[in-house]
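Taking it in order: structure first as structure tokens, then the write-up.
Every number here is computed from the coordinates shown, using simple stated rules; none is lab data. Just so it is clear, the model here is predicted, and its values are computed rather than measured. Cβ atoms come from the backbone with ideal geometry, glycine included; neighbour counts cover every protein chain shown.
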Amino acid sequence: MLPSRYCVVAAKQLRRSPEEFADGRAEVVHRDDLLGLVIGEWRLRLWVPKTLFKTARQAERTFAENRLPLAWPSGELPQSEFSALEDYEPALTCTNFLEARVALEEKGLAAFLPDFIPLGPTAARCLNVKIPAVESCRFHYRLAWNPRLLRLNPHARRRRDSLVEALALKIAAFAVAG
């Protein structure tokens, strides 16, 4: 169970933009006893060190043959959710995206990372490989709250509304910059 205060969770399937949310057109999502609102989206990117391959085409071919040494952040994304990875055996299974980034930078393994994690100078030493099955997946930031909290505490509703507005503006600015 999530905390009774505000919680931002990532989820996929709903396709809404921060602009729609800012206009109040985004839909409300019901999950168990929580309500949530989609406030932004992100995508996965496959980064491959240039020390492994000279071109993205070579990396794509090796990935299709299930031979690309890959660090998979299984704690963040279950491998079973991606049909392209059904028979894939990662070289390293990580707990989170940050561990996968370290594996990319220090171990020379390819890694799936979200577009909100900056690679910094490492990006120049890596290829951004486009895998259609993964590129088509969109993930969403969702602000979730407990409706009972809002009924019991009228100030919580105002806090939620101002938090939603501030997060939507930040995510929209990030999406434009990135």
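Relative to the Cα centre, the charge distribution of region 44-135, modelled as +1 at Lys and Arg Cβ and -1 at Asp and Glu Cβ, gives a dipole magnitude of about 540 debye.
Computed across region 39-174, the Kirkwood hydrodynamic radius from all distinct Cα-Cα pairs reaches 16.7 Å. Taking a point 7 Å out from the Cα of S83 in the direction of its Cβ, the residues of region 128-172 whose backbone N falls within less than 16 Å of it are 131-138. Across the options T55, P118, P132, the greatest Cα extent toward the positive end of the charge dipole of region 44-135 (unit charges at beta carbon of Lys, Arg, Asp, Glu) belongs to T55. Neighbours of R57, meaning other residues whose beta-carbon lies under 15 angstrom from its beta-carbon, give a summed charge of +3 when Lys and Arg score +1 and Asp and Glu score -1.
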